[in-house]
Amino acid sequence: MADTLKLELVSPERLLLSEQVEMVLVPGTEGVFGVLPQHAPTLSTLKPGFVEVYQAGAVKERFFVTGGFAEVTPTTCTVLVDEAIPQSNLTTAYTAERLAKAKARLDQATTDDERAKAQAGFAAAELLSQASTTVH
Amino acid sequence: MPSLKEFRVRIASVQSTKKITSAMKMVAASKLRRAQEAAEAARPYAERMERMLGNLAAAAAGRAGSLPMLAGTGKDDVHLVVVMTANRGLCGGFNSNIIRSARNLVKELLDKGKTVKILAVGRKGRDNLRRDFRELVGDSFTEFGRKTVVFAEASEVAERITTMFNAGEFDVATMIYARFKSAVTQIVTRQQIIPFPVPANENSESAMVYDYEPSDQEILAELLPRNLAIQVFRAMLENGASFYGSQMAAMDSATRNAGEMINKLTLRYNRQRQAMITKELIEIISGAEAV
């Protein structure tokens, strides 16, 4: 039995990560779930949060994702994300700027539809800014 | 016969044109490389998205309450034609090929008595189609691809299409763009995006039974608009690469033509100069003989 699984992290613009890992934590819409080798085949949507890559029993890398999909098979885990930011790129300045932008968009929203989208973006940005201050 | 000075002026002007076109060719070549890289980098996502969608659609197929984006609205009356062109010209037949294909499609559909709406992505397509079908051209997008096309720009277009579809403004959407085959060959392609034709999935893996979180219908409902954005993104990237390929070829032949023209002009210039020298010599000699 293989003790690693292949993780692929893909954003529309490029393939971000493709490697053998021990475990991945994926922020599913219905709760964060861990994926180990031999996981049951699953398709799930994602909510904003962190994808955590485990290597040798510890977190090796963390990516902030804004949403997307995960496809899990016993040997692979494919995560399709809208946007993924490696944790090393998360600086307080960056998240503050993002938060401000999201806030501005929320204030400008006129229709319900726009407001809902802006609200989602704002929530993601808020989560991001909390994460950047607590994790470091 | 123009004077020698006129020749010199013309040669100089063709020379500077040649300099410009050859510079544009270089720029297009380097941008082409970048656009090609971007198109290639986007491929993994699209492939995996397609696989997921194939799995899901196979599971959801034949079930009641299938989503209209996949199954269609059941009508075929109003067509949306998404025409993708470039914002700029100087690229050979690139824009006009796409526009011609779009025009033919629109005419075909109108002849069949359908209602047609046009969504123009790219300034050239918008301006040209407005001339013929002023009342059909609805929205247009022209602010994209400053460097390379980024996903946010494509998803803006896709969002507009989704909104229109959900509001029941059309039944079928077709996208027209130039598929990039090589730097010299671009193929104008019509692709139906709504309802989305699900790729047949022969992969043995698809036999796997998945757990769905939340439900397969909900995932599908999220996946479809996303897939639309991906399709649009891909088309825009391909179009971008095609544009630069086409521009490179056009500028290459323009440079070559300018070179030929300079040679011809130089030849005529030299002949004329020689003729004048000979004429002057004859005048001097016959003058001397007369004395």
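With every protein chain in place and a 1.4 angstrom probe, the accessible-area ranking of B:Lys5, A:Lys103, largest first, reads B:Lys5, A:Lys103. Per residue, the accessible area of the stretch B:226-291 comes to 55 Å² when a 1.4 Å probe rolls over the protein heavy atoms. Helical runs assigned H by DSSP (4 residues or longer) give chain A a calculated mean residue ellipticity at 222 nm of -10500 deg cm²/dmol, each run adding -39500 (n - 2.57) before division by the residue total. Compactness check for the protein assembly as shown: Cα Rg over 2.2 N^0.38 Å is 1.33. Solvent exposure of the stretch A:5-87 amounts to 34 Å² per residue of accessible area, where only protein heavy atoms count and the probe is 1.4 Å. Residues of the stretch A:77-105 whose accessible area, computed with a 1.4 Å probe over protein heavy atoms, drops by at least 50 Å² once all protein chains are present relative to their chain alone are A:Leu80, A:Asp82.
Buried accessible surface for the A/B chain pair comes to about 2400 Å², total over both chains, computed with a 1.4 Å probe. Residue ranking by accessible heavy-atom surface, 1.4 Å probe, largest first, among B:Val81, A:Val32 comes out as A:Val32, B:Val81.
Highest GNM mean-square fluctuation among B:Thr255, B:Thr163, B:Thr174, for chain B modelled with Cα contacts below 10 Å: B:Thr163. Here the sum of -39500 (n - 2.57) over DSSP H runs of 4 or more residues, divided by the residues of chain B, equals -22000 deg cm²/dmol at 222 nm, to the nearest 500. Summarising the amide proton neighbourhood of A:Lys60: residues at separation of 5 or more, or on other chains, whose placed amide H is nearer than 5 Å comprise A:Val53, A:Tyr54, A:Gln55. Buried on complex formation within the stretch B:216-251 (loss of at least 10 square angstrom of accessible surface versus the isolated chain, 1.4 Å probe, ligands and nucleic acids ignored): B:Ile219, B:Glu222, B:Leu223, B:Arg226, B:Phe233. When a 1.4 Å probe is rolled over the protein heavy atoms, the share of accessible surface on the protein assembly as shown that falls to carbon and sulfur comes to 53 percent. A straight Cα-to-Cα reach below 18 Å connects B:Lys25 with the aspartates and glutamates B:Asp252, B:Glu260, residues fewer than 8 places away in its own chain not being considered. Based on C-alpha pairs under 8 angstrom that are at least 6 apart in sequence, chain A has a relative contact order of 20 percent.
Taking the C-alpha atoms only, the angle from helix B:4-41 to the longest principal axis of chain B is near 20 degrees. A:Thr91 sits with roughly 70 Å² accessible to a 1.4 Å probe, with DNA, RNA and ligands left out of the calculation. Normalised by residue count, the stretch B:153-269 yields a Cα convex hull volume of 156 Å³ per residue.
Rolling a 1.4 Å probe over the protein chains gives B:Ser13 an accessible area of about 60 Å². Short to long, the 10 Å bins of the Cα pair-distance histogram for chain B hold 6, 22, 24, 18, 11, 7, 5, 4, 2, 1, 0, 0 percent of all pairs.
Between B:Glu169, B:Glu153, B:Glu280, the residue with the greatest mean-square fluctuation in the GNM of chain B (Cα pairs under 10 Å linked by springs) is B:Glu280. For the residues A:Glu13, A:Glu30, A:Glu52, a GNM of chain A with alpha-carbon springs under 10 Å puts the largest fluctuation on A:Glu13. When the alpha carbon gyration tensor of chain A is reduced to an equivalent ellipsoid, its three semi-axes come out at 29, 17, 11 angstrom, largest first.
The values are calculated or read from the model by the stated rules, or taken from the named source; none is laboratory data. The shown structure was predicted, so the numbers you read here are calculated from the model rather than taken from an experiment. In case anyone asks, the SASA skips ligands and DNA or RNA and just uses the protein heavy atoms, side chains included. Shrake-Rupley method; radii C 1.70, N 1.55, O 1.52, S 1.80 Å.
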